[in-house]
Amino acid sequence: MNGVSTALVFVGLFLLGGAISFWRQGLPKGVVGLLGAGSALALIAGILRLEVWQ
């Protein structure tokens with residue numbers, strides 16, 4: 001696991017936590033959806049950058 005994939009996974013988990021928190025607070029669905037989409041993209045990018053696939 002290199003630094004970039006670690007950072008992407010960390011950012012993805014951070015954004016996921018923010019999306020869950022905002023959803024519980026009842027913020028607009030657009031904000032929660034945007035955070036969720038960003039989280040999913042960061043997590044997927046971080047997982048795909050792992051070198052276990054080769």
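What number of residues within the stretch 32-54 satisfy the criterion of being assigned to a helix (DSSP H, G or I) and surrounded by 14 or more Cβ atoms within 10 Å (Cβ to Cβ)?
Residues meeting the conditions: 13.
Can you name every residue in the stretch 12-30 that is out of contact with any Gly (no Cβ under 8 Å at 6 or more places or on another chain) and either closer than 14 Å to Leu43 by Cα or small (Gly, Ala, Ser) (or both)?
Selection gives Leu13, Phe14, Gly17, Gly18, Ser21, Gly26, Gly30.
Taken together, the values in this text are just the output of simple stated rules run on the coordinates, not laboratory data. Values in this document were obtained by computation on a predicted structure and should not be read as measured data. Cβ coordinates were reconstructed from backbone atoms using ideal geometry, including for glycine residues, and neighbour counts include every protein chain displayed.
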